Amino acid sequence: PYLVYAFVEGKTLAQEINSYTMLPLNRAAQITCGILDALACAHAQGIVHLDIKPSNVMLDGGGNPMVMDFGLARLAGEQAQDNKRALSGSPRYMAPELIDGQPGTFLSDVYSVGALLYEMATGQHAVGGESLFEVLHRAANERIAAPSTRNEGVDEKLEAIVLKAVARDPAQRYAGALGMKAALVDYLGAAAVEDAS
């Protein structure tokens, strides 16, 4: 078995973030909506990605995001049989339940997207740390700092979306990718009205 991917001319989201430090908030929200669309499609097929991070998102020539690298992905139904596997993924974007050894779910992907949006909006990781142990410990045990403490341009509405997505308790997150996308579409609509007035 092998995976075949389309060749995409563009750059990774990691390269985009490194170019700008932090992205304009509307652009960050738009990119996140595209990522959530891709995940909603995967989730509808029962697939949990489990490794959403900037280097696994490509931006094509038009700036449209494409989710890549399903190497760690699992079928949601297989998670229960696989929950004793070694910890794998990217610690800074890994949901706390995965760190605790629980099986990944669609809500684990929602957490990772929230951490990604946090980074785009603030230029900093949602979970910091100097070592792997410190990052994992903080992700599993500490509340994530409000994005506005790292970028005062983040308003209450966007902050609420990010913090809901990265809630430590999966039950406190959006129920799925499309729920988070709906909140971001509402945020973008409100921002457009403000810009027009």
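The values are calculated or read from the model by the stated rules, or taken from the named source; none is laboratory data. In this text, all values refer to a predicted model and were calculated from it rather than measured experimentally. Reconstructed Cβ throughout: ideal geometry from the backbone, glycine too, with neighbour counts over all protein chains shown. We work out accessible area using only protein heavy atoms, side chains counted, and drop any ligands, DNA or RNA first. Shrake-Rupley method; radii C 1.70, N 1.55, O 1.52, S 1.80 Å.
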Quiz item: For segment 80-197, list the helices (runs of 4 or more DSSP H) that sit wholly inside it and hold at least 1 residues that are at pLDDT 90 or above and within 20 Å of residue 20 (Cα to Cα); which are they?
Solution: 106-122, 156-165
Exercise. Would you please list the contacts, defined by Cβ atoms under 7 Å and residues six or more apart or on different chains, that run from a residue in segment 9-26 that is surrounded by 12 or more Cβ atoms within 10 Å (Cβ to Cβ) to a residue that is of a type in the set (Gly, Ala, Ser)?
Key: 10/61; 12/55; 14/55; 22/121; 22/123; 25/121; 25/153; 26/191
Practice problem: Tell me, yes or no, whether segment 105-123 has at least one residue that is in contact (Cβ under 8 Å) with a residue 40 or more places away in the chain and surrounded by fewer than 16 Cβ atoms within 10 Å (Cβ to Cβ). | Solution: yes
Quiz item: Got a number for residues in segment 39-67 being open to solvent by 40 Å² or more (accessible area, probe 1.4 Å), touching a residue at least 24 places away in the same chain (Cβ under 8 Å) and of a type in the set (A, V, I, L, M)?
Solution: 2
Exercise. Would you point out the residue of segment 58-79, among those that are at pLDDT below 85 and not in a helix (DSSP H, G or I), that is nearest to residue 34 (Cα to Cα)?
Key: 70
